[in-house]
Amino acid sequence: TISICWCCLCCPASIFYANTTRKTKHSKSKAQAHSKDQIGMPPNEKERPLIVVVGAGSKHGTNNSEFVDSVRWGLGGALALPFAEDGYDVVLMGRRQEVLDDVRKAVEAVHITNHHAEARVLCVECDVTDDKSVEQAFGHVNTIGNSYIDLVMFNVAPPYPSNFKFQGWGEVLLPHQIDIGDMNKQYDTQVNGLIRISKQVLPGMIERKRGCILLSGESCCNLHGGFEFGSVAPARAALRSLGQSMFQAYGPMGIHVCNINIGGIIDSPKTRQWTKKEELTNPNEIAEQFLNVYMQKSTVWSYEVNLTPGFSSRKVNMRM
């Protein structure tokens, strides 16, 4: 079942559209300006770019009101916020509608604070491991008038296996102890999940000769398989490899694909239980780097970006 909501007026087919009468201080948002600043062009000047976040906070629950919005749902919930500041229309995709609704309220609040009266937010339930779910989700998104999908941020990964342990937290799960079913789930969610999403968005991007797909990943798994990460690193590395192939395949077509490898531990309600706040990476600051990559001119595209907090820079496993 696909559950959809625009905020805030009801209309048929369980789709809710957001119409506001607020006056805006800005005659032209960065979203409108950027829509013209790429290789290709939108179908017409009245169409607005859509920013799609796949994996918008689904790993975190709704009972985290004591945390600020940029931390409350980890990176998934934070990714849309810098784009909302610049007036972009945002589509939030995830498995749990109640979490998406909370993230939507945070995005709407940013729109209001920054005087973007025309900006819209859409929530769509979507399971990237299900072909029909993905097809239906993007089918609904594609019915939105005066818009086109210009960016997809793929922030999807299944939970670590239930018997996974970090070094020093208990007996580490060794490669010969990995459950094949868990490994297949890792691959199906990340690698096949990206392929399912790509089938829905890339034909339109190819036709427009413009678009962007950004893949979030963990440096400890994407770049090197630490001995305790054997159960999760292979699928992460495969996702990175697929992203590199996509950069080379679609770059000449005007479509930017980039791996963003994140070092450090991302601040969230869960990780606050692991260590002190000063040793965590701010998800909103990570999200700002996604916006920066999206805004890159086509002559200076990055195919990979590595993010590392300064306080842990001496622990970075650098590769030439």
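Residue by residue through the stretch 113-128, note down the ones that are open to solvent by less than 50 Å² (accessible area, probe 1.4 Å) and among the polar types (S, T, N, Q).
If the condition is that a residue be open to solvent by less than 50 Å² (accessible area, probe 1.4 Å) and among the polar types (S, T, N, Q), then 114 is the only one that fits.
Among 174, 151, which is in contact (Cβ under 8 Å) with a residue 24 or more places away in the chain, exposed (fewer than 12 other Cβ atoms within 10 Å of the Cβ) and in contact with a helix residue (DSSP H, G or I) (Cβ under 9 Å, 6 or more places away or on another chain)? Full working, then the answer.
Values: 151 fails: exposed (fewer than 12 other Cβ atoms within 10 Å of the Cβ).
Criteria check complete, one pass: 174.
Inside the stretch 178-220, can you point out the residues that are assigned to a helix (DSSP H, G or I), in contact with a Ser or Thr (Cβ under 7 Å, 6 or more places away or on another chain) and among the β-branched types (Val, Ile, Thr)?
189
Mind counting the residues in the stretch 172-186 that are more than 19 Å from residue 226 (Cβ to Cβ) and not charged (D, E, K, R)?
The qualifying residues number 3.
Would it be correct to say that residue 86 is out of contact with any Pro (no Cβ under 8 Å at 6 or more places or on another chain), open to solvent by 20 Å² or more (accessible area, probe 1.4 Å) and at pLDDT 95 or above?
The answer is yes for residue 86.
Do we have residue 254 as at positive phi and at pLDDT 75 or above here?
yes
Could you check, for the stretch 148-162, whether at least one of its residues is modelled with pLDDT under 95 and over 30 Å from residue 90 (Cα atoms)?
Yes - at least one qualifying residue is present in the stretch 148-162.
Among the residues of the stretch 133-142, is any polar (S, T, N, Q), open to solvent by 40 Å² or more (accessible area, probe 1.4 Å) and not in a strand (DSSP E or B)?
Checked against the condition, which is being polar (S, T, N, Q), open to solvent by 40 Å² or more (accessible area, probe 1.4 Å) and not in a strand (DSSP E or B), the stretch 133-142 yields at least one hit.
Considering (1) at pLDDT 90 or above; (2) open to solvent by 10 Å² or more (accessible area, probe 1.4 Å), say which one residue 42 fails and leave the rest.
(1)
Taking into account only those residues within the stretch 285-306 that are in contact with a helix residue (DSSP H, G or I) (Cβ under 8 Å, 6 or more places away or on another chain) and over 14 Å from residue 153 (Cβ atoms), which is most open to solvent (accessible area, probe 1.4 Å)?
Here the answer is 303.
Restricting attention to the stretch 209-248, report how many residues are open to solvent by 20 Å² or more (accessible area, probe 1.4 Å) and aliphatic (A, V, I, L, M).
4
Can you tell me which condition residue 158 does not meet? The list is (1) over 22 Å from residue 49 (Cα atoms); (2) surrounded by fewer than 14 Cβ atoms within 10 Å (Cβ to Cβ), and all the others hold.
For residue 158, the failing item is (2).
Report, by residue number, each residue of the stretch 202-237 that is over 18 Å from the mean Cα position of the chain (by Cα) and modelled with pLDDT of 95 or more.
Across the stretch 202-237, the qualifying residues are 203, 204, 206, 207, 208, 209, 210.
Which condition number does residue 165 fail, the rest of (1) among the basic types (Lys, Arg); (2) at pLDDT below 95; (3) assigned to a helix (DSSP H, G or I) being met?
The one condition residue 165 does not meet is (3).
The values are calculated or read from the model by the stated rules, or taken from the named source; none is laboratory data. Everything numeric in this text was worked out from a predicted model, so none of it was measured. Because the Cβ atoms are built from the backbone with ideal geometry, glycine has one as well, and the counts that use them run over all protein chains shown. Please note that ligands, DNA and RNA were not included when accessible areas were found on the heavy atoms of the full protein model with its side chains. Shrake-Rupley method; radii C 1.70, N 1.55, O 1.52, S 1.80 Å.
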